[in-house]
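The values are calculated or read from the model by the stated rules, or taken from the named source; none is laboratory data. Bear in mind that the values here come from a model prediction, so they are computed numbers and not experimental data. Note that we place each Cβ from the backbone using ideal geometry, even for glycine, and neighbour counts take in every protein chain shown. Heads up: the accessible areas ignore ligands, DNA and RNA and are worked out on the full protein's heavy atoms, side chains in. Shrake-Rupley method; radii C 1.70, N 1.55, O 1.52, S 1.80 Å.
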Amino acid sequence: MSPDTREFLAAVLDAINIPAPATFGDREEFGRLLEDRVLDAVVALTGALGEPPASDWGLGWHTEYLRNRLATKPPTTYRHQDTDGGA
């Protein structure tokens with residue numbers, strides 16, 4: 001596997017592998033955030049697989065796009081299981 005491919009796949013994993021919610025009340029925000037991050041991953045995957053209009057932009061561009069989108073949506077808007085006071 002090329003380094004570019006590995007970096008891209010790591011970004012996709014980062015998009016979908018966010019901490020589980022601490023309580024039932026945190027599930028709604030967790031779900032909303034995960035859905036937003038999954039949609040960003042779908043856009044990046046679609047482009048990386050060569051679908052127009054992003055077919056000529058290269059894997060590095062799609063990795064950077066996804067990382068930038070994820071940076072605006074960190075998993076900090078809900079409590080996680082591994083934080084104090086969690087389940």
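Within the stretch 34-62, the set of residues being over 24 Å from THR77 (Cα atoms) and not in a loop (DSSP other than H, G, I, E, B) comprises LEU45, THR46, GLY47, ALA48, LEU59, GLY60, TRP61, HIS62. When GLU7 is tested against (1) acidic (Asp, Glu); (2) farther than 17 Å from ALA71 by Cβ; (3) assigned to a helix (DSSP H, G or I), just one condition goes unmet, and that condition is (2). Taking every residue in the stretch 26-43 that is under 23 Å from THR63 (Cα atoms) and pairing it with any residue that is among the charged types (D, E, K, R) and part of a helix (DSSP H, G or I), at least 6 positions away or on another chain, the pairs with Cβ-Cβ distances below 6 Å are ASP40/ARG69.
Within the stretch 1-21, residues that are under 22 Å from ASP82 (Cβ atoms) and in contact (Cβ under 8 Å) with a residue 24 or more places away in the chain sit with their Cβ atoms under 8 Å from residues that are part of a loop (DSSP other than H, G, I, E, B) and open to solvent by 90 Å² or more (accessible area, probe 1.4 Å), at 6+ positions apart or across chains, in these pairs: PRO19/GLN81; PRO19/ASP82; ALA20/GLN81; PRO21/ARG79; PRO21/GLN81. Of all the residues in the stretch 19-33, those that are part of a loop (DSSP other than H, G, I, E, B) and open to solvent by 30 Å² or more (accessible area, probe 1.4 Å) number 3.
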